Amino acid sequence: MVHPFSHYQQSADLIRSRMGDFTPDIALVLGSGLGFLGDMVEQPVAIPYGDIPHFPRSTAPGHAGRLVLGTLAGKRVAVMQGRMHHYEGYSYEAVSYAVRVLRLLGCGSLIVTNAAGCVNTAWKAGDLMLITDQIKMFSESPLRGENLPQFGVRFPDASHLYTPRLQELARRTAAERGIPLREGVYFYCYGPQYETPAEIRAARLLGGDAVGMSTAPEVIVAGHCGMEVLGLTLLSNMAAGILDQPLSEQEVLDAAGTAREKFSGLVRACLRKM
Ligand code: HPA
């Protein structure tokens, strides 16, 4: 535990000093290739992560590394354009630091998006998936260390990390827009190497439908501090060993580019209904 409660307050204070009397209701964390949604925010106030005390920087390609506050789909939002990953060298506490700051700023819900490998062999690359649950059993918790009771309890329930009401809202929204939406379990792997075929077989046996290197830590922290969560995944590639071809970052970014309109349209439509 590196960050006392006062650090979160100092981060929130800096952001408040820039955003005037605006207060965000909904936080969004944008994954690979989806950062452009942050550019659609109206009346934006953009704050580089580097300006915010105690905030980690994001170094991953395609992640801009700034917080954008303003209006999107008629809602007052705080958009993280770029997220932090454990594979960049950050602790899980650092990876999920921003979520707690956004909670202090007033965000009651969180939309998380990501690109992930498709573990479920009945599906195909390019499909969208509603995250119904997650598995992050093989690495430490972002809540490890002294508990900060200002955010939540020592042993938080994790039965419904992905809020059933928001899952239903996303199902309805996708159906109305004629967007096929898979549903499944996000299996967290810390990367940065893509998984081995044996790891993907293990993930499938354990109940995973998608595999990725983000999201799960932030969602644990959001659940701890009482936020509602909606998770949407772009299945950017078939996971390792399913097709007879190596995985590459370019494949992930290309898929994100192709699915851009469909994915961002669904996110905005869900947001509008929240
Ligand atoms: N594995 C892990 N993370 C990913 C993948 C994958 O296949 N695709 C996109 N992010």
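No value in this document is a laboratory result; all are computed from the given coordinates. Just so we're clear, the structure is a prediction, and the values are computed from it rather than from any experiment. As a convention, Cβ positions derive from the backbone with ideal geometry for all residues, glycine included, and neighbour counts pool all protein chains shown.
Plugging the Kirkwood radius over Cα pairs into Stokes-Einstein for the range 42-183, at a temperature of 10 °C and a viscosity of 1.306 mPa s, what D comes out in µm²/s? Taking Rh from Cα pairs, D becomes 91 µm²/s. Shape class of the range 107-218 from the alpha-carbon gyration tensor: oblate, with a/c at 1.5 or above and b/c at least as large as a/b. Here's the picture: charge each Lys and Arg Cβ at +1 and each Asp and Glu Cβ at -1 in the chain, and of Ala125, Ala27, Ala269 the one pushed furthest to the positive end of that dipole is Ala269.
With only the Cα atoms considered, the range 165-274 has a convex hull volume of 118 Å³ per residue. For the range 1-86, a/c is not less than 1.5, where a ≥ b ≥ c are the root eigenvalues of the C-alpha gyration tensor, and a/b does not top b/c. That puts it in the oblate class.
Under the combined filter of DSSP loop state and at most 12 neighbouring Cβ atoms within 10 Å, the range 137-205 retains these trypsin sites (Lys or Arg not before Pro): Arg144, Arg154. Cβ-Cβ distance of Leu243 and Glu42, R₀ of 51 Å, FRET efficiency by 1/(1 + (r/R0)^6): the value works out to about 0.80.
Non-local lysine pairs in the chain, meaning eight or more places apart or on different chains, with alpha-carbon distances under 22 Å, amount to 4.
Gyration tensor over the Cα atoms of the chain: the corresponding equivalent ellipsoid has semi-axes (square roots of 5 times the eigenvalues, largest first) of 28, 21, 18 Å.
Taking the alpha-carbon centroid of each part, what is the distance from the range 221-247 to the range 113-173 in angstrom? Each part's Cα centre sits 9 Å from the other's. Please identify which residues in the range 115-138 have an amide N closer than 18 Å to a label point set 7 Å out from the Cα of Ala198, following the Cα→Cβ vector. Answer for this model: 138.
Between Asp254 and Arg172, the distance separating the two model label sites (each 7 Å from Cα on the Cα→Cβ line) works out to 3.9 nm. Subtracting the Cα-Cα distance of Asn147 and Asp51 from 0.36 nm times their residue separation leaves 31.9 nm of extension gain.
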